[in-house]
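Chemist: Here it is, the structure, as structure tokens.
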Amino acid sequence: MRFNVKNLSDGELVELRNAAAAEYDERVSHINTRRAVLTAPMNGTNGSPARVGHFRNPTDPKQTWSGKGRRPFWYLKAIKSGVKPEAMRA
């Protein structure tokens, strides 16, 4: 799109600048979203993004459990000792 901006009024120039800034922000947002998807950490098994643990071990915060599959020993031990599942939510 080419046109002569010298023929535009001050109000039209401001409107044009605002429209260009909005378009620019939208494109940058789209690019950043795509970049985040493309650079998400992969778990290596099927190419899907790695899951964040839903439960965290109260004694060792590095240990997490997604809430799917077999319950880990530390989770069962914590439940048995009276810790509520809500307290272990990540």
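Chemist: Kindly indicate which of ALA20, ALA36 is closer than 30 Å to TRP65 by Cβ, at pLDDT 75 or above and part of a helix (DSSP H, G or I).
Modeler: On the way: ALA20 fails: closer than 30 Å to TRP65 by Cβ.
Among ALA20, ALA36, only ALA36 is closer than 30 Å to TRP65 by Cβ, at pLDDT 75 or above and part of a helix (DSSP H, G or I).
Chemist: How many residues does segment 71-83 contain that are more than 12 Å from THR59 (Cα to Cα) and touching a helix residue (DSSP H, G or I) at 6+ places or on another chain (Cβ under 9 Å)?
Modeler: Counting residues in segment 71-83 that are more than 12 Å from THR59 (Cα to Cα) and touching a helix residue (DSSP H, G or I) at 6+ places or on another chain (Cβ under 9 Å) gives 2.
The values are calculated or read from the model by the stated rules, or taken from the named source; none is laboratory data. Here the structure is a predicted model, which is why all the values come from computation and not from measurement. Virtual Cβ from ideal backbone geometry, glycine too; neighbours counted across all protein chains shown.
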